[in-house]
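Reading through the structure tokens given below for one structure.
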Amino acid sequence: MSQADTVAVTVNFSRRQGRIKPMNAANNGPKIPSGDQTCGNFDTYRMLHIPYARLHDANLCTAYGAPHVVDIRAIFKDFRADPEAPASYDFTMTDRYLRALKAAGTEPFFRLGGSIEHQPRKWFTCVPPDFHKFAVICEHIIRHCTGSWADGLGMNITYWEIWNEPDLDPDDAPDKRCWQGTAAEFRELFCLTARHLKACFPHLKIGGPAAMAPLNNRTEPGWIDRFFGELQRRNVVLDFYSFHCYTDDPATIFRHVREVREYLDTHGQSRAESILNEWNYVRGWTDEWVYSLEQEAGVKGAAFALCTMLGCQKLPLDMLMYYDMRAGCGMNGLWHPVTFDLQKPYYAYFMFEKLARLGTEVESAADDDAVQVVAAVGDDGAKAVVIGAFHDDDNFRSGPLEIRLTGLTPEEKKRLNVRLLDAKRDCFEVPFELAGDTLRFPFRFRSCWGLLIQC
């Protein structure tokens, strides 16, 4: 559409579509509260009701207890030790982090493996010398976290992911960052571990491999095909397939989401959930990296996040996990890395939380591909609509916006409240005109914005 065209959004609250899915999940949790250096984000994190937090790269964050938290080699420090003996494990910092997540109302999504290592010397991404022993170590970590073994936590942790981005670097790369072995070695480790863990814990969800590329790896063509071929040969059925996507266009994410679901359904894994568990606004990893980080923390990052969550809600995706809400991380757009002041993307999650709390999606649509909309109703009759618009062109100005709301009572129309997120406003109330069922606004919208409508 051109900048002059009217953008039309329609919502019908009488037509229910299904549940609001966990599109507002994340990587990592809040800074753990402490008695000194008390600046943090625990309370504002808890307010978002993040449903799941993936624990990848937690061992890079001293606020969580790095380098002694979550990673297999951070917990089981000496691979020569007895995996059946509680004394072989150091759960101190991991337990502290998991308890903090539980207190924040968030369920951990546990990544079994190691955090990415950019430095020349590697500790946590090395190939385990004994794959069966690795599986047994993972088994006991699960028994501790979800049960009573070794003074266990007895927590509800449903998702257990084997490794992270084993396909990031090709076999002949001189400095591998996530998996130091070959693709064939990883397939062996994954299949053996997945079969062992599923046999031990049939009620839990076992999957992975947190693939760097959704399907088509640019550095190692055929990696995914060979991985799925090995799963089929060994009769390994995934509970979920996890993958990553960084881009500067939500439409790219939407395309990959559709492709992944089709691939799973046609390659023997139709039962597997599809989980995109790393994503963010990234225009480039080299010359445009600093620009990307700046935008992730501003209104462009907020609009990108909001549109991605809203768009993926309507696609065949089971979970979406932002990278990264890690305390102090440069890719954490929600909080300033030092002061923990709220930044623009925080309000995108604030908006989506209103939909998640209501729980049931209703029919909605927009006639502009750059505009995404989701509406929801609650069991108590409460209603909400969230609309997002993203244009990577900073000079773009949207045309007039008209929102037709079908299914509101006269009393609900009187209670309508509209909040705007844009470059100047952080979910502030804005004026609107209501004529019958149609909302209009006495101002024009900028390139990136979000609206929250409640009654």
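The values are calculated or read from the model by the stated rules, or taken from the named source; none is laboratory data. Worth saying up front: this structure is predicted, and the values here are computed from it rather than measured. Ideal geometry is used to build each Cβ from the backbone, glycine not excepted, and the neighbour counts take in all protein chains shown. Surface accessibility is based on the protein's heavy atoms, side chains included, excluding ligands, DNA and RNA. Shrake-Rupley method; radii C 1.70, N 1.55, O 1.52, S 1.80 Å.
Annotations
- Residue in region 329-375 that is most open to solvent (accessible area, probe 1.4 Å), counting only those that are of a type in the set (A, V, I, L, M) and within 21 Å of residue 53 (Cβ to Cβ): 342
- Of all the criteria given as (1) over 23 Å from residue 27 (Cβ atoms); (2) open to solvent by 10 Å² or more (accessible area, probe 1.4 Å); (3) in contact with a helix residue (DSSP H, G or I) (Cβ under 8 Å, 6 or more places away or on another chain), the one not satisfied by residue 215 is (1).
- Residues of region 175-232 satisfying the condition of being without any contact (Cβ under 8 Å) to a residue 12 or more places away in the chain and on the phi > 0 side of the Ramachandran plot: 222
- Of all residues in region 38-92, those that are open to solvent by less than 40 Å² (accessible area, probe 1.4 Å), within 24 Å of the chain's Cα centre (by Cα), under 22 Å from residue 163 (Cα atoms) and of a type in the set (S, T, N, Q) total 1.
- In summary, residue 396 fulfils each of the numbered conditions (1) more than 18 Å from residue 312 (Cβ to Cβ); (2) modelled with pLDDT of 95 or more; (3) open to solvent by 10 Å² or more (accessible area, probe 1.4 Å); (4) among the hydrophobic types (A, V, I, L, M, F, W, C) with the single exception of condition (2).
- Considering the conditions (1) farther than 22 Å from residue 301 by Cα; (2) among the aliphatic types (A, V, I, L, M); (3) over 26 Å from the mean Cα position of the chain (by Cα), residue 430 is excluded by exactly one of them, (1).
- Candidates 191, 145 - the one that is within 18 Å of residue 55 (Cβ to Cβ) and assigned to a helix (DSSP H, G or I): 145
- When residues of region 111-126 are limited to those that are farther than 23 Å from residue 277 by Cα and touching a residue at least 24 places away in the same chain (Cβ under 8 Å), the one surrounded by the fewest Cβ atoms within 10 Å (Cβ to Cβ): 120
- Filtered residues of region 434-455 (kept if open to solvent by less than 30 Å² (accessible area, probe 1.4 Å), under 19 Å from residue 390 (Cα atoms) and not polar (S, T, N, Q)): 441, 445, 448, 449, 450, 451, 452, 453
- Selection count, region 405-421, where residues are within 31 Å of the chain's Cα centre (by Cα) and either over 18 Å from residue 366 (Cβ atoms) or among the charged types (D, E, K, R) (or both): 3
- Flag if residue 137 is aliphatic (A, V, I, L, M) and under 25 Å from residue 104 (Cα atoms): no
- Criterion violated by residue 431 - all others in (1) assigned to a strand (DSSP E or B); (2) surrounded by fewer than 15 Cβ atoms within 10 Å (Cβ to Cβ) satisfied: (1)
- Given (1) assigned to a helix (DSSP H, G or I); (2) open to solvent by less than 10 Å² (accessible area, probe 1.4 Å); (3) not acidic (Asp, Glu), index of the condition residue 136 fails: (2)
- Every residue from region 198-212 that is at pLDDT 95 or above, crowded, with 21+ Cβ neighbours inside 10 Å and either assigned to a helix (DSSP H, G or I) or among the hydrophobic types (A, V, I, L, M, F, W, C) (or both): 206, 210, 211
- Exactly one residue out of 153, 168 is closer than 20 Å to residue 56 by Cβ, open to solvent by less than 30 Å² (accessible area, probe 1.4 Å) and in contact with a Cys (Cβ under 7 Å, 6 or more places away or on another chain): that is 168.
- Among (1) charged (D, E, K, R); (2) in contact with a Leu (Cβ under 7 Å, 6 or more places away or on another chain); (3) assigned to a loop (DSSP other than H, G, I, E, B), the one test that residue 95 misses: (3)
- Pairs, first closer than 19 Å to residue 380 by Cβ in region 340-357, second in a helix (DSSP H, G or I) and open to solvent by 40 Å² or more (accessible area, probe 1.4 Å), C-beta under 9 Å, six or more apart: 353/47
- When residue 258 is tested against the conditions (1) within 29 Å of residue 281 (Cα to Cα); (2) touching a helix residue (DSSP H, G or I) at 6+ places or on another chain (Cβ under 8 Å), the lone failure is (2).
- When each of 414, 383 is tested for being among the basic types (Lys, Arg) and under 26 Å from residue 48 (Cβ atoms), the lone residue that passes is 383.
- Filter result (open to solvent by less than 40 Å² (accessible area, probe 1.4 Å), part of a loop (DSSP other than H, G, I, E, B) and closer than 29 Å to residue 19 by Cβ) within region 281-317: 315, 317
- Residues of region 417-426 that are part of a strand (DSSP E or B), of a type outside the set (Asp, Glu) and surrounded by fewer than 18 Cβ atoms within 10 Å (Cβ to Cβ): 417 alone.
- In region 53-76, the residues that are in a loop (DSSP other than H, G, I, E, B) form Cβ pairs under 6 Å with partners that are open to solvent by 10 Å² or more (accessible area, probe 1.4 Å) and hydroxyl-bearing (Ser, Thr, Tyr), at six or more places apart or across chains, as follows: 76/89.
- Taken over region 219-277, the residue count meeting the criterion of being polar (S, T, N, Q) and either open to solvent by less than 10 Å² (accessible area, probe 1.4 Å) or in a strand (DSSP E or B) (or both) is 5.
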